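Below: the structure, in structure tokens.
The values are calculated or read from the model by the stated rules, or taken from the named source; none is laboratory data. Note that the structure is predicted; figures quoted are calculated from it, not measured. With ideal geometry, Cβ positions are generated from the backbone for all residues, glycine too; neighbour counts draw on all protein chains shown.
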Amino acid sequence: MDKKQFDMIVTARDTGDRLTYKTQLELGEKMTGISREIAVKPEKQFQKILGFGGAFTEAGGYVLQQLSPQKQAEVIDAYFDFPSGHGYTLCRTHINSCDFSLGNYAYAEVPGDTALDHFSIERDRQYLLPMIRAALERSDQPVNILASPWSPPPWMKTNGQMNHGGKLLPEYRQAWADYYGRYIREYEKEGVSIWGVSVQNEPMATQVWDSCVYSAVEERDFVRDFLGPSLEDAGLSHIKIIVWDHNRDLVFRRANRILQDPEAAKFVWGVGFHWYEVPNRFRNLTRVHRKHPQTNLLFTEGCQVGGPHLGEWNLGEKYAFNMIHDLNRWTVGWIDWNMLLDERGGPNHVGNYCSAQIIADTRNDELLYQSSYYYFGHIARFVRPGAVRVGCHVRDRKLLACAFQNADGKLAIIVLNPTDAPRDFNLSMGGQSMAVPCPAHSILTLIEREGA
């Protein structure tokens, strides 16, 4: 076996290292004697990775336009340039308004307009579409965009409003299914291709903001009898349909109820999930994969709620903790929530302020990069679309790790140390090994060198 060489990239709390290239390491013949070990087995292969990214929201587009042209370009570069930025290739946006809009709106607001004669995306042309276009123009790779509705128009709902839950009225199921196709076609006219849609953002949540409730049976029947056939009739059968789009803790129960119906399952590309409510229910992802191995698992939203949380290091660790666990359990892609928010963690039309990887101090035209930006980058920058997860076994309960073989054949190994002490370890592969320094509160990426 040839001696593989790796570059080590480090982000560590008590240092100045932020996605910093630190050293070159080489696998050797002799074991180091370090008791902690991470064993990588490239011959054991699992799911193929679709990509990583964040969400385009009206709030993010609005904040972007409050910045100078130089800072606007910096934000787009930070996320979509490659390799100096994250190189995002998988993003999300909202159909109609969401809580991170400047207010409630829909594309068809005339009551009873089932033919969608008054359908218009004019609202999106002010803030949302300019942000999306800037990203697409900057990226030198295709960007897959998932579009999710938070609520149908008020006149389609039982409560007559976009907020506070309510349900889709049965008599408007066909019109609402047609709405997705009309939205996709209108966005195509703007030069923006939609890759997939989810049925409903968080369909079990009655929120004070834009929301709509579906039972598992209602979601299943809507996909089977309305949304799937409507997209097919519109020549949009290539659009991926994602169900659930809610929390990890109930993902198996919901997915199983929908996917047990073969007529519904034939339209479903994947199951989306979030990290809110009961955390760390990662075993549910494995349960979905084992029962429905043909269905993709996709993380579609996660953020730290309750304000911007400026400078908090645990945000980055939370991201890496969840990403590594999810990826080790068959997840094919991971989408962060807002890419950009202001110093309050907004705007948000109901005051539901949150954090983002980049916070804009709009008063001083400054960008504040949070720990989550650097931790996310350790995975997004080095595990590229088409990578395959490979075997990775950690013999230390306080370290987390995952490993991938990129499409170019090069390995990428990510290691998280969330503890207060350094935890140097021995990386082993194919009978060879090397000692790897691992600082306290750090994340490492080991990327195989060109020509190694």
Just one listed residue, out of LEU90, LEU102, is more than 16 Å from MET162 (Cβ to Cβ) and under 24 Å from the mean Cα position of the chain (by Cα), and it is LEU90
Looking at region 290-318, which of its residues are touching a residue at least 40 places away in the same chain (Cβ under 8 Å) and in a loop (DSSP other than H, G, I, E, B)? THR295, CYS303, GLN304, GLY306, GLY307, PRO308, HIS309, LEU310, GLY311, GLU312, TRP313
Among the residues of region 251-262, is there at least one that is polar (S, T, N, Q), farther than 26 Å from GLY103 by Cα, touching a residue at least 24 places away in the same chain (Cβ under 8 Å) and surrounded by fewer than 19 Cβ atoms within 10 Å (Cβ to Cβ)? yes
Please identify the pairs in which a residue from region 342-370 that is more than 20 Å from GLY103 (Cβ to Cβ) has its Cβ atom under 6 Å from the Cβ atom of a residue that is of a type in the set (Asp, Glu) and in a loop (DSSP other than H, G, I, E, B), counting only partners at least 6 apart or on another chain. ASP361/GLU343
Has region 50-67 got at least one residue that is acidic (Asp, Glu) and part of a strand (DSSP E or B)? no
Residues being in contact (Cβ under 8 Å) with a residue 40 or more places away in the chain and surrounded by 18 or more Cβ atoms within 10 Å (Cβ to Cβ): count how many of those fall in region 270-281. 4
Per the list (1) closer than 29 Å to ILE413 by Cα; (2) in contact with an Asp or Glu (Cβ under 8 Å, 6 or more places away or on another chain), residue check on GLU277 breaks on (1)
Is it true that GLY351 is outside the structural domain of ARG423 (by TED's automatic domain parsing), at pLDDT 95 or above and on the phi > 0 side of the Ramachandran plot? yes
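Each row is one residue, and each column tells you yes or no for (1) closer than 21 Å to THR57 by Cβ; (2) buried (at least 22 other Cβ atoms within 10 Å of the Cβ); (3) modelled with pLDDT under 95.
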| site | (1), (2), (3) |
| --- | --- |
| ALA360 | yes, yes, no |
| ALA387 | no, yes, no |
| VAL390 | no, no, no |
| HIS393 | no, no, no |
| ILE414 | no, yes, no |
| VAL436 | no, yes, no |
| HIS441 | no, no, no |
Quick check: anything in region 90-102 modelled with pLDDT of 95 or more, aromatic (Phe, Trp, Tyr) and in contact with a helix residue (DSSP H, G or I) (Cβ under 8 Å, 6 or more places away or on another chain)? yes
Against the conditions (1) under 19 Å from ILE335 (Cα atoms); (2) buried (at least 20 other Cβ atoms within 10 Å of the Cβ); (3) among the basic types (Lys, Arg), where does ARG133 fall short? Just the number, please. (2)
Does region 35-56 include one or more residues that are closer than 27 Å to SER428 by Cα, aromatic (Phe, Trp, Tyr) and within 23 Å of the chain's Cα centre (by Cα)? yes
